[in-house]
Amino acid sequence: MRDPLGRLFPGLPRSVRVGLDWVFTIAGAVVIVFALKAWVVNPYRIPSSSMEPTLHCARPAPGCEARYSDRVLANRFVYHFRDPKRGEIIVFRTPPLAQVRCGAGGTFVKRLIGLPGEVVSERDGFVYINGARLDEPYIKKDRRDFSSYPARRIPKGNYFMMGDNRQSSCDSRRWGTVPRANIIGKVFAIYWPPQRLRIM
């Protein structure tokens, strides 16, 4: 349909109709962008070395390998259709204890290690799920710590998160599990810097 505003408001001058058309177009675009960010995809920046070398942060921050921090995209709707899976990199809101134990809270990016009902432990830097050692090819030798974490059962509806850089990751070992309601989405791509562009 040509000139829908003209059909709705035949008495308006053409210049006013053109101006209103632009206003409605821009407003619609803004609504679409905000809707996409709220329900579909949202960008995040990696601010610390807790996920090195899988996700880079920028030097000169301690432990960071890159000149620029990775920017990632998180799929916000996937977990409306299925449960999170072990090994996925997830964006989530931290429990309140993270602010106390880490000096930072808000939104974190970590890897999902333990699922609801499982027993998770760490011995000399190696993670065990229900007594079996977890295969973690994403952990580099120089990023592994030598910590131990006593065996604990993950509560129903909660998840155990850890960073890939175990030497400098303040994670579920220190502030506990993450409720399902706190999970925002699954990281599925690095979109910046250009040389790091990839689907994960």
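The values are calculated or read from the model by the stated rules, or taken from the named source; none is laboratory data. All figures in this text were calculated on a predicted structure; none of them were measured in a lab. Backbone-built Cβ (ideal geometry, glycine too); neighbour counts: all protein chains shown. Remember, those area values only see protein heavy atoms, side chains included, never the ligands or the DNA or RNA. Shrake-Rupley method; radii C 1.70, N 1.55, O 1.52, S 1.80 Å.
Out of (1) within 26 Å of ASN75 (Cα to Cα); (2) touching a residue at least 24 places away in the same chain (Cβ under 8 Å); (3) loosely packed, with under 13 Cβ neighbours inside 10 Å, what's the single condition that is false for MET161?
Against the list (1) within 26 Å of ASN75 (Cα to Cα); (2) touching a residue at least 24 places away in the same chain (Cβ under 8 Å); (3) loosely packed, with under 13 Cβ neighbours inside 10 Å, MET161 comes up short only on (3).
Within segment 62-98, track down each residue that is small (Gly, Ala, Ser) and within 14 Å of ARG45 (Cα to Cα).
Of everything in segment 62-98, those that are small (Gly, Ala, Ser) and within 14 Å of ARG45 (Cα to Cα) turn out to be ALA66, SER69, ALA74.
What number of residues within segment 113-151 satisfy the criterion of being in a loop (DSSP other than H, G, I, E, B) and of a type in the set (A, V, I, L, M)?
Total satisfying the criteria: 3.
Quick one: which residue in ARG86, ARG101 is surrounded by fewer than 20 Cβ atoms within 10 Å (Cβ to Cβ), part of a loop (DSSP other than H, G, I, E, B) and not acidic (Asp, Glu)?
When all the criteria are applied, what remains is ARG86.
Check off (1) touching a strand residue (DSSP E or B) at 6+ places or on another chain (Cβ under 7 Å); (2) within 18 Å of ARG45 (Cα to Cα); (3) open to solvent by less than 10 Å² (accessible area, probe 1.4 Å) for PHE188 and give me the number that stays unchecked.
(3)
Which of the residues spanning segment 111-167 are within 27 Å of PRO47 (Cβ to Cβ), more than 21 Å from the chain's Cα centre (by Cα) and of a type in the set (S, T, N, Q)?
SER147
I'm trying to understand the selection: among the residues of segment 126-176, which are among the small types (Gly, Ala, Ser), out of contact with any Phe, Trp or Tyr (no Cβ under 7 Å at 6 or more places or on another chain) and on the phi < 0 side of the Ramachandran plot?
Of everything in segment 126-176, those that are among the small types (Gly, Ala, Ser), out of contact with any Phe, Trp or Tyr (no Cβ under 7 Å at 6 or more places or on another chain) and on the phi < 0 side of the Ramachandran plot turn out to be ALA132, SER147, SER148, ALA151, GLY163, SER168, SER169.
Are any of the residues in segment 112-135 surrounded by fewer than 13 Cβ atoms within 10 Å (Cβ to Cβ) and under 25 Å from VAL72 (Cβ atoms)?
yes
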